[in-house]
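Here the structure comes first, spelled out in structure tokens, and everything after it is commentary.
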Amino acid sequence: MAEIFDKMKVEFVDQDESVQVIADNIRDTGEVPERYVKSEIKANPVIVDAEGYNLPVIDMSRLLNPEFSEEETAKLGGILQELLKAGEARYKVLDSVEFTKGYFAAKLEGRSIIKVNRDCFSRLKHIYLPAASLPSRTIGSLPVANVQALAEACNGFNDKIPERYIRMEARSEEVITGHGSTLAIPIIDLNKLFDSQSSEECVKLVSACQNWGFFQLINHGVPDEVSENLMNDIAEFFRQPLEAKKAYSQLPNSIEGYGQVFVASDNQKLDWCDRFFLHVRPVESRDLRFWPTNPASFRHSVDVYSSEVAKLSCRLLEFMAKGMGAEPASLLGMFEGQPQSMRMNYYPPCWQADQVLGLSPHSDACGLTILLQKKDVQGLQVKRDGKWFAVDALDGALIVNVGDILEILSNGKFRSAEHRAVIHQNKERISVAVFHQPCQDLIVGPSL
Ligand SMILES: O=C(O)CCC(=O)C(=O)O
């Protein structure tokens, strides 16, 4: 061993004086020795005390406190997602035909195309939606029985519900109900969003879009009277005799008008629901053949409600753009002209309510949906972490959800959640979904 050390020679070359001594010299001479000058420091300026820039703060005591834990966990989840997300888009190129086929195929199997894409194609980058191939313009539905008439015919214990309506999954999947004060999906207050002093509501909005893809909106500015008029007119329309409603029946290869949607085969399971679908905006897209004249105020009520909700959707998109880290003007530009359609859903009661489904699980193909429902009868369920959560809608609140297009634009930061509707045993339920689509002929891909 000693021999090895004998052969080693350690030489200290160019040894500096201690840095403390050098610092003293610099103070005296003002000169920094060349070896200590690092030009990359100047080339990469460091931002100090930039206004508005802060590392996110997670409060451990809130995480542990049951009262705040959900909110703080959501915040933490958002931060982790941000970190994981950096890098390439999660969405691959899909042409419109593939998207349309995929949307309907997934829908028919009770799934959502975006979910299928999340699972199967890890890099869905763009979806091109040329005007001619918007799903609702090209895909019709096979005619099936009118559900309202069917429900009237089999409303007793001895009446058998036709097999095509029996949905075992309605009972077999876990449903979380009775959330008490938490009401399952978050509540967002539009007034607070506008209050520039309060960033808390914006954090809540982002967390709702990330974790649920759904929220209830209060103080939304749509006058109660406007919503009530619409709901009353829709209820009156559905109360008319079947023949009167059939005057507005869908035509082949279209889902506009009165009827059912997404029925593509004779042995497919069916929803316990009749629907009435209209293209509402831009105004030139309206096909008045489908716009009822009875009740007399129907057209006016749809028009007024649609314009209130269009304004609201712009406000929300602006906040959502900020929340997803995008330029509000660029996101709003994609929704310019406000393509908007309205689906009015009529769910008759069913004495075997736990064996039928009002609306199969799906996510919405649009950017943003705003849902109004008739007071007192709940039925919407939202999927999160493999479980269904029953939504207890607050009186007067609107329910807002992120659609597939916003999920893609946000590169997966916001979630387009699967949802479905269940049936009440002895009360009818009416809901009105207003879908906000991006402009036609637009290539949609992650904007982040
Ligand atoms: O009726 C509901 O609660 C849900 C309606 C819906 O999801 C739809 O029309 O797409």
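Nothing in this text is a laboratory measurement; each read-out follows from the coordinates by a stated rule. Only a predicted model underlies this, so the values are computations on that prediction, with no experimental measurement involved. All Cβ positions, glycine included, derive from the backbone under ideal geometry; neighbour counts span all protein chains shown.
Some observations on this one:
- Counting every other Cβ atom within 10 Å of each residue's Cβ, HIS300, HIS279 order from fewest to most as HIS300, HIS279.
- Each residue in ARG27, ARG415 was given a count of other beta-carbon atoms within 10 angstrom of its own, and listing them fewest first yields ARG27, ARG415.
- Of CYS209, CYS154, CYS350, the sequence from fewest to most neighbouring Cβ atoms within 10 angstrom is CYS154, CYS350, CYS209.
- Residue pairs, from the table LYS160/LYS387; LYS245/LYS269; LYS245/LYS374; LYS75/LYS192; LYS75/LYS322; LYS192/LYS311, whose Cα atoms sit over 22 Å apart: LYS160/LYS387; LYS245/LYS269
- Peptides 31-38, 164-171, 360-367, ordered by how many other C-beta atoms sit within 10 Å of their residues on average, highest first, read 360-367, 164-171, 31-38.
- Using the Cβ of SER69 as centre and a radius below 13 Å, the other residues enclosed give a net charge of -3, where K and R count +1 and D and E count -1.
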